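Here is the structure we will look at.
No value in this document is a laboratory result; all are computed from the given coordinates. Quick caveat, the model's predicted, so the values are computed rather than measured. Here Cβ is always computed from backbone atoms with ideal geometry, including for glycine, and neighbour counts include all displayed protein chains.
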Amino acid sequence: MTAIVGLVHEGTVFIGGDSAGVSGYSLTVRADQKVFTTGPYVMGFTTSFRMGQLLRYAFAPPAPDGEQLEKFMATTFIDAVRETLKAGGWLRKDSEQEEGGTFLVGVAGRLFIVRDDFQVGEAADGYAAVGCGEEIAVGALYATAKLDMDPAVRVVCALSAAERFSAGVRRPFTLVSASG
């Protein structure tokens with residue numbers, strides 16, 4: 001349960017996240033943040049705080065390949081993520097298929113979505129969200145796309161909409177950014 005929101009604006013990637021930790025009907029507002037930077041990457045996770053801790057503290061991300069960034073993200077970057085999750089005891093395997101978790105990654109002015117099956121996507125709209133507040137947040141980003149709003153304000157607006165209409169999203173919000 002969460003809302004992680006990403007937005008690209010003029011070569012800068014903004015990622016914002018909430019602070020909810022949800023288990024069944026229990027909710028804890030967590031002090032540890034779901035969004036962070038590591039090297040040239042800005043990241044925000046859902047699925048599991050353990051997965052996020054591994055990505056934040058154990059993951060040594062490879063330097064991005066700017067000329068073939070999409071290929072790099074789908075191969076070299078994901079291979080390093082898989083190894084980190086495996087070493088940390090988080091990688092799941094079922095019927096010979098590996099499964100991880102969902103997170104956003106911004107690098108070199110681009111925003112990527114990594115899903116549980118390690119597919120890497122990039123939204124054509126320049127924004128994306130993940131977590132239980134995903135649809136609400138994307139709707140808010142769509143509704144504000146043609147308005148002259150500061151990008152950080154748009155991200156917080158999307159998180160606020162998700163908090164208002166999703167039981168699994170709570171303040172405080174954290175926002176990080178990285179320029180391409």
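Values as computed for the structure displayed
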{"quantity": "Helix-only mean residue ellipticity at 222 nm for the chain, each DSSP H run of n ≥ 4 adding -39500 (n - 2.57), per residue, nearest 500", "calculated": "-7000 deg cm²/dmol"}
{"quantity": "Candidates per chymotrypsin sites (Phe, Trp or Tyr not before Pro) in the range 1-56, loop by DSSP, up to 12 other Cβ within 10 Å", "calculated": "TYR25"}
{"quantity": "Förster radius 41 Å - calculated FRET efficiency between TYR142 and GLN68, Cβ distance, rounded to 0.05", "calculated": "0.85"}
{"quantity": "Positive-end residue, the range 31-180 charge dipole about Cα centroid, Cβ charges, pick of SER166, TRP90, THR46", "calculated": "SER166"}
{"quantity": "Mean Cα-pair separation over length for the chain, i.e. relative contact order, pairs under 8 Å, 6 or more apart, %", "calculated": "36"}
{"quantity": "[x] 25; [y] 53; [z] 33, with the label sought being that of the calculated percent of Cα pairs over 26 Å apart", "calculated": "[x]"}
{"quantity": "Rough spin-label spacing in nm, given labels placed 7 Å along Cα→Cβ, for SER48 and ALA80", "calculated": "2.1"}
